[in-house]
Structure formats: C-alpha cells, structure tokens
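Q: Dropping the structure in here first, questions after.
Where a number appears in this text, it was derived from the coordinates with a stated rule and is not lab data. Owing to the predicted nature of the structure, the values given are computational and were not obtained by experimental measurement. Don't worry about glycine lacking a Cβ; one is built from the backbone with ideal geometry, like all the others, and counts go over all protein chains shown.
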Amino acid sequence: MATRAHCLVLAYPAQGHINPMLQFSKLLERQGVRITLVTTRFYYNNLQTVPPSIALETISDGFDNGGPKEAGGFKPYLERFWEVGPLTFSELLEKHGGSKHVDCVVYDSFFSWAPEVAKRFGIVGAAYLTQNMAVNSIYYHVHLGKLQVPLKQHQFSLPAMPKLYLQDMPSFFFGEDFTFLDFVVSQFSSIHKADWILCNTFYDLDKEIADWIVKVWPQFKTIGPNIPSFFLDKQWEDDQDYGVTEFKSEEHCMEWLDEKPKGSVVYVSFGSMASFGEEQMEEIAWCLRECSSYFLWVVRASEETKLPKDFERKTEKGLVVKWCSQLKVLAHEAVGCFVTHCGWNSTLETLCLGVPTVAVPYWSDQNTNAKLVSEVWKTGTRAVVDEKKVVRRETLKHCINEIMNGCREMKNNAIQWRSLAVRAVTEGGSSYENIKEFVNNLWHS
Ligand code: UDP
C-alpha cells in the first residue's frame, strides 16, 4: 500500500496568515495528504486553541519567550528570525526524515529563505501567498525595479490592474522607514525558486491578473478562498472554525445577535493587529452611538483603554466584545453591514458571506483591498479620511447608512461573488481542480 503524501505547512506567526494556511491544510488532508503545521515556538505557546486533527511542530524565531516584543522592533526581530528560522526549520526537516518522509513544504511566501531550505533537502517547495494578487503584483513590480520608491507619481498603471492612485497603494510605501516594504518585497526575490505558487483567491475574482501572472509564473495557481467549509460549500458541516486563535472569542455575542431583526446590525472589526489612535476610536464610538442601527464592535483587550470613558460596552443598541467568531457573526442574518479594515481574510470572508462593507483601511495591503472592494467588485464603500487621516463620525455614519438604509447594489454584488466563490471550491471549479492537480503531483513527486 502506498504511504500518504506528507506536507509540512510553514505558517508566518500571525492570525491572518495562519488561518488560511490551516484551512488549506484541511483541504489537502481531505484529499489524503498528511499535514504537519509549523509555526514559531513563541506563537504556538500563546495560542488559545490549536486544531485537534493536525500535527503541530515549531521552529524558532530567536525569541521563544517574548516574540517580536522581546526583539524590541521589527527590524531586529526579522534579522534574528532570518538567521535562526532556516536553521531550526532544517533541523525539523531532518527530524522528519527529509525527502524520504516529506513530499512538499508549503511555505508562507513571506519566508523568502524557505525554498532554498526545501531545495537543499530535495523537497518540492510551494509558496503560499496570503495577500491579494493586486498587492502581490505591486510588490513584485517594486522587486523588478519597475515601481520606484519613494513613489514620485500620483497614478500607477500596472499590467492587468485598474489605475491606482496614491491612496490605493499599500501603506508601506509612505513614511521614511521602508523596513516593512523591504520585507514584503523580499518575498519576490525567491519566488522563481518555488515549484508551485499558490494564492488564496479564486479565478473569477482576480481573472485579469491571474491570466497575466501565469505568463510570468507558469507555476501559479489560485486555490482559495480558504475558508471553513460550513461557510462556503457546506461539504464539511463540522468545519465551522479555522481551529486556531490568538484571542478568546466571546460567544455570548451570538445570543445578542439572535435577538436582533434581520439585517439590522452593523458589525465592526479591524482584525488582529490594527491599532487606531484615540481620536479615531472616539469618532467610531460616537458614530455607532448616533447611528440608527444596532452595532457589534470588536475592540481587542489591547485597544480598550482608547474607548471614550463614558462609552458603555453593553446597551440595548450596541455590544462591544474583545474578540468573536467572525465567520459566525458574518453568517448571522442579523448582520447587515461590516465596517472592516480590509485585511485580506476579512475581505474574502465578507465577500463569501455576501455581506456589504464599509472599508476603513488601517495599514499594509488594506488600502488596495479597499480600492478593489469599492471600485472593482463593488461590494462596499470606502470611508474617506480627513487631513489628519481620521475618518470622522459623519463620514462613517453616511457610509453605514448608505448600506443599511437602501442601496441594494452592494448587497446584490456581494451575493453574486459569494456564488462564484462557492463555485470555485466545488468539484469542477477552478480552485478545486487546482488543488486536485497539486495533490496528484504530490503523489508522483
Ligand atoms: N477574526 C476573528 N474574530 C474577530 C476578528 C477577526 O475571528 O473578532 C479573524 C477573521 O475572521 C480573519 C482574521 O481574524 O480570519 C483576521 O485576518 P485579516 O487578514 O482580516 O486581518 P489581520 O488580522 O491580518 O489584520
């Protein structure tokens, strides 16, 4: 009897990175592949939940006890991680018997060193892109030297993309310190070494850019959206959670939602990292208080002190929680609109659950995602910032009301995208077939 193919899935230690890679792992597992999920020791030790069915292993980022905080900055964190990570990952591959027992390393493309390590062991390497294809293409063009930093123009024309303006570009282009930009661009320094390039998107959503990029990267495949099956194709009813989380979910918000009428609640959440200033928090708080809709607002424990002093966490009209099961909330019929920072996972999730959005991008790729949501996929509207880069309460209120009190177009578009996303992951669909091809090749590698 043939032994099962074995994949080591190396995830970057952040909620928005581990979620889709774990979900992709489950899809591979369902096709008979054995999975070992790998993340850093520090991240693993701080997880609230870990998936019961998937084996977990760790590597070191050089800061096993304190993680990035212990490093005292992103630059020293990365420098050490990039020294220690490849070494400890090599040790892990040795421990697992190298190419004898590992058929493929699926690595977050952020780990530009990973394909080199996999090659040294003679193991197939698959880069997994956790960000949107437009964003990947922007960074790739910087890597090619076709987009110069600091940006000098106001408009940008890149192949297979709508015209981009300054406000649509990732935040890492702005400011004086380009550490983050260098980091995200560096993932493309080794992309040509990947045997596969997998992106968490689906063909219909990124058709033009996918058709263009495959001419540059013939090993490119769309394999998303990687979202628990219960919320997408419903093939696996018990797959209702990513299965791994940094934060403890406050489940009582579901009961609170149960009591609210259909489409009456605005869900507000800015993901696992965004950290707005007090002024912005105050504008959001008063907007929600003054809006006619109910609201459910996720304010992580680290952000709570920024809430206005007299802002009540639980009233008939609104509820503030530290974390929730976002997919369950978005799937709840009481939710009519999502005010989001446009992290790529949140963007895909809201698209897949047919919920229209108000985009309030915070940093990183979120400006570009907000552009796509509001102008290309037309499932939401973007809240404009003032000269202090703050979205004012009146602006936010106007955006929310546009969705909650009338405009059906965005809702209808979101529902259409949902059906295309379901089609992509169903037998015969683009992502489904791409994953099947990937798995078939594992058996033969
Ligand atoms: N999320 C969640 N509960 C919350 C807020 C976020 O489960 O209260 C999940 C969300 O479903 C998504 C992830 O956290 O899968 C956030 O990823 P995203 O890319 O949207 O943003 P990031 O955290 O990377 O900024």
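Q: How large is the helix-only mean residue ellipticity at 222 nm for the chain, computed as the sum of -39500 (n - 2.57) over DSSP H runs with n ≥ 4, divided by its residue count, in deg cm²/dmol to the nearest 500?
A: -11500 deg cm²/dmol
Q: Then there is this: Sort Trp297, Trp236, Trp256 so that the residue with the fewest other Cβ atoms within 10 Å of its own Cβ comes first and the one with the most comes last.
A: Final ranking by Cβ density, sparse to dense: Trp236, Trp256, Trp297.
Q: For a quick check of your reading of the filter: which GluC sites (Glu not before Pro) in the range 304-355 sit in a DSSP loop and have no more than 15 other Cβ atoms within 10 Å?
A: Glu312, Glu316, Glu333
Q: Further, regarding this structure: Quick one: net charge of Glu278's neighbours, Cβ under 13 Å, K/R +1, D/E -1?
A: That sum, taken over residues with Cβ under 13 Å, equals -2.
Q: Could you work out the relative contact order of the chain, using alpha carbon pairs under 8 angstrom and six or more residues apart, expressed as a whole percent?
A: 15 percent
Q: Provide the packing ranking of 242-248, 9-15, i.e. peptides ordered by the mean count of other C-beta atoms within 10 Å per residue, highest first.
A: Ranking the peptides 242-248, 9-15 by packing returns 9-15, 242-248.
Q: Another question, if that's okay. Compute the Cα gyration tensor for the range 284-415, then decide on rounded, prolate or oblate, letting a ≥ b ≥ c be the square roots of its eigenvalues: rounded whenever a/c is under 1.5, prolate when a/b is larger than b/c in the other cases, and oblate in all that remain.
A: rounded
Q: Roughly how many whole Å is it from the C-alpha centroid of the range 380-436 to that of the range 1-48?
A: First find each Cα centre; the distance between them is then 28 Å.
Q: For the chain, go through all pairs of different Cα atoms, get the mean of 1/r, take its inverse, and jot down that Kirkwood value in Å.
A: When all Cα pairs of the chain are included, the Kirkwood radius is 22.4 Å.
Q: So what's the net charge close to His101: Lys and Arg +1, Asp and Glu -1, counting the other residues with Cβ under 12 Å from its Cβ?
A: +2
Q: Given a cut-off of under 8 Å on Cα pairs at least six residues apart, what relative contact order in percent is computed for the range 232-388?
A: Averaging sequence separation for qualifying contacts and normalising by length gives 24 percent for the range 232-388.
Q: In the range 79-188, which trypsin sites (Lys or Arg not before Pro) are in a loop and have at most 16 other Cβ atoms within 10 Å, using DSSP for the loop call?
A: Counting only loop positions with at most 16 other Cβ atoms within 10 Å, the trypsin sites (Lys or Arg not before Pro) in the range 79-188 are Lys146, Lys152, Lys163.
Q: Bin by bin, in steps of 5 Å, what percent of the Cα pairs in the range 60-113 do you find, going until the bin that has the longest distance?
A: 4, 19, 23, 22, 16, 9, 5, 1
Q: What is the packing order of peptides 124-134, 23-33, taking the mean over residues of other C-beta atoms within 10 Å and listing the highest first?
A: 124-134, 23-33
Q: Output wanted: per-residue J couplings in Hz (rounded whole) for the range 152-166, from phi through Karplus 6.51 cos²θ - 1.76 cosθ + 1.60, θ = phi - 60°, x for Gly and Pro.
A: 10, 8, 10, 10, 9, 10, 10, x, 6, 10, x, 4, 10, 10, 3
Q: Still on this structure, I have one more. Quick check on my link table: of Lys248/Lys397; Lys314/Lys411; Lys95/Lys119; Lys119/Lys193; Lys75/Lys322, which ones sit more than 18 Å apart, alpha carbon to alpha carbon?
A: Lys248/Lys397; Lys314/Lys411; Lys75/Lys322
Q: Something else about it: So what are the ³J(HN,Hα) numbers for the range 318-324, from phi and the Karplus equation (6.51, -1.76, 1.60; θ = phi - 60°), rounded to whole Hz, Gly and Pro as x?
A: With coefficients 6.51, -1.76 and 1.60, one gets x, 9, 10, 10, 7, 6, 9 Hz.
Q: May I pose another question? Based on the mean of other beta carbon atoms within 10 Å per residue, what is the order of 369-375, 268-274, most packed first?
A: Ranked by mean Cβ neighbours within 10 Å, highest first: 369-375, 268-274.
Q: Same structure again: Starting at the first residue of the range 134-140, write each ³J(HN,Hα) from the Karplus equation 6.51 cos²θ - 1.76 cosθ + 1.60 with θ = phi - 60°, in whole Hz, x for Gly and Pro.
A: 4, 5, 4, 5, 4, 5, 4
Q: Also, I was wondering about something else. Suppose a student asked you for the relative contact order of the range 299-379, using Cα pairs under 8 Å spaced at least 6 residues apart; what percent would you report?
A: Computed value for the range 299-379: 22 percent relative contact order.
Q: Assign unit charges at the C-beta atoms only (+1 for Lys and Arg, -1 for Asp and Glu), then state the dipole size of the chain relative to its Cα centre in Debye, rounded to the nearest 20.
A: 600 debye
Q: Using amide H atoms built in the peptide plane, which far-off residues or other-chain residues are under 5 Å from Val38 H to H?
A: Placed amide hydrogens put Val9, Leu10, Ala11, Glu57 under 5 Å from Val38.
Q: At 7 Å along the Cα-to-beta-carbon direction for both Leu420 and Lys193, put a label point, then send me their distance in nm to one decimal.
A: 3.6 nm
Q: State the answer as a single residue: which of Thr357, Val439, Ser346 lies farthest towards the positive end of the charge dipole of the range 340-445, with beta carbon charges of +1 for Lys and Arg and -1 for Asp and Glu, about the Cα centre.
A: Projecting each Cα onto the dipole axis, the largest value belongs to Thr357.
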